[in-house]
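What follows is a single structure, written as structure tokens, with notes after it.
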Amino acid sequence: MRATILHAPGDIRVETWADPTIERPTDAIVRVVAGCVCGSDLWSYRGINPASDPRTVGHEAIGVVEAVGADVERVREGDFVIVPFDHCCGRCVHCLAGQSQGCVELAMTASGQAELTRVTNADATCFVLDEAPSPDRHAAVLALSDVLPTGYHAAVSAGVQPGTTAVVVGDGAVGLCGVLSARRLGAERIIALSRNPERQRIATVFGATDLVPERGDDAVEVVRELTGGVGADAVLECVGTEQSMLTAFSVARPGATVGFVGVPHGTQIPWPTAFRGNIGLRGGMAPVVRYLPELVPAVLAGELDASAVFDLELPLADAAEAYRAMDERRAIKVLLRP
């Protein structure tokens with residue numbers, strides 16, 4: 001198959017790679033119709049996360065099931081499926097408690113930016129659609145493999161309720177989906193921290209009522225002014241850096257919760273602030289399978305649409321340009337078509 005391969009920081013190539021195969025009887029092989037580059041992929045691309053041997057990359061995909069293992073019963077060849085980035089067994093105590101990201105057989109999509117990808121525990125992991133979506137709906141459906149459920153996880157973890165004020169820290173695809181999710185959960189006021197005009201535009205379309213372009217202490221001061229000195233009822237932290245976490249806790253009102261989904265990199269939790277304000281912290285990796293039964297029908301009905309975060313579409317052969325565009329912030333999120 002043709003696949004995107006990370007050789008070293010800054011070195012992305014599309015090359016021929018061995019096709020994935022059925023390794024366990026619960027596996028499925030999916031022919032990818034659409035994949036994409038995630039902001040978290042940039043950590044390795046930039047050399048912040050170690051990347052030694054060449055490897056396939058990409059953990060978001062939708063496509064058609066091409067083969068299934070002998071023990072797969074629900075998923076069939078020819079099904080159009082959403083492939084959640086975190087695979088789960090659906091049977092262990094953690095899966096049954098709705099914490100599929102803690103599955104005892106947790107696995108990750110390894111070649112979403114390729115022609116084929118292997119899905120472990122296919123019956124529990126794959127979300128089968130009744131019919132294949134039209135190509136113009138692929139972006140909206142692809143968002144369900146990671147970025148939309150992750151933004152939703154931030155909003156749920158932060159405790160967004162109808163009539164509340166939410167602050168979203170981060171204007172990448174996840175942060176923008178956090179804005180969309182806060183609106184879905186009924187937030188009356190949604191303050192988005194963003195200084196990029198195009199991302200500000202999308203945030204506004206998604207439901208942001210206020211935009212704050214400042215960073216750090218200046219951003220905290222503006223949020224305090226906007227909330228009459230009170231702070232936010234719920235804060236969505238969608239970046240994963242130390243500054244974003246400090247900002248999140250600083251704009252939270254006493255008793256609020258920070259819902260964090262940004263992959264932590266050098267993050268320090270401001271425990272004195274959390275202690276004095278009784279500010280909670282919840283979140284982490286999104287249990288995608290848990291949210292899909294609610295989110296998929298809303299997306300298919302057109303009630304929930306995160307497709308605007310895909311502001312560039314390229315053929316798989318141009319994956320290197322997709323990474324450059326996102327690294328240079330010329331694109332929010334790039335959809336790749338094999």
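The values are calculated or read from the model by the stated rules, or taken from the named source; none is laboratory data. Every value quoted in this text rests on a predicted model; they were computed, and no experiment measured them. All Cβ positions, glycine included, derive from the backbone under ideal geometry; neighbour counts span all protein chains shown. Just so you know, the surface numbers come from the protein's heavy atoms only, side chains and all, with ligands and any DNA or RNA stripped out. Shrake-Rupley method; radii C 1.70, N 1.55, O 1.52, S 1.80 Å.
Numerical summary
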read-out	value
Debye, to nearest 20: dipole size of the chain, +1 on Lys, Arg Cβ, -1 on Asp, Glu Cβ	640
Convex hull volume per residue in cubic angstrom - Cα atoms of the range 128-203	100
With Cα atoms, 0 to 90° folded angle of helix 242-251 axis to the chain main axis	50
Cβ-based net charge around Ser100, under 15 Å, with every Lys or Arg adding one and every Asp or Glu removing one	-3
Average projected area [Cα convex hull, the chain], square nanometres	16.0
C-alpha center-to-center spacing [the range 227-245, the range 256-318] in angstrom	13
Cα pair distances exceeding 20 angstrom across the range 1-139, given as percent	48
Average accessible area per residue (Å²) across the chain - probe 1.4 Å, nucleic acids and ligands excluded	41
Formal net charge of residues neighbouring His138 (Cβ-Cβ distance under 10 Å; K, R +1; D, E -1)	0
Percent carbon-and-sulfur accessible area, the range 62-155, ignoring ligands, DNA and RNA, probe 1.4 Å	50
Within the chain, helix-based [θ] at 222 nm, where runs of 4 or more DSSP H residues each add -39,500 (n - 2.57), nearest 500	-8500 deg cm²/dmol
Under DSSP loop assignment and at most 14 Cβ neighbours within 10 Å, longest trypsin sites (Lys or Arg not before Pro)-free interval of the chain	216-328
Cβ-defined net charge surrounding Gln200, 11 Å radius [Lys, Arg +1; Asp, Glu -1]	0
Extension reserve of the Arg201-Glu214 stretch, reckoned as 0.36 nm per residue once the Cα distance is removed	3.1 nm
Accessible carbon and sulfur surface of the range 187-236 relative to its total accessible area, %, 1.4 Å	46
Accessible heavy-atom area order of Ser111, Ser307, highest first, probe of 1.4 Å	Ser307, Ser111
Rounded to the nearest 10 Å², the accessible area of Glu73 at probe 1.4 Å	150
Viscosity 1.567 mPa s, 4 °C: Kirkwood-radius Stokes-Einstein D of the range 217-338 over Cα pairs, µm²/s	76
Positive dipole terminus of the range 65-220, leading residue within Val167, Val75, Cys92 (C-beta point charges)	Val167
Cα gyration tensor category, rounded, prolate or oblate, for the range 80-132 with a/c compared to 1.5	oblate
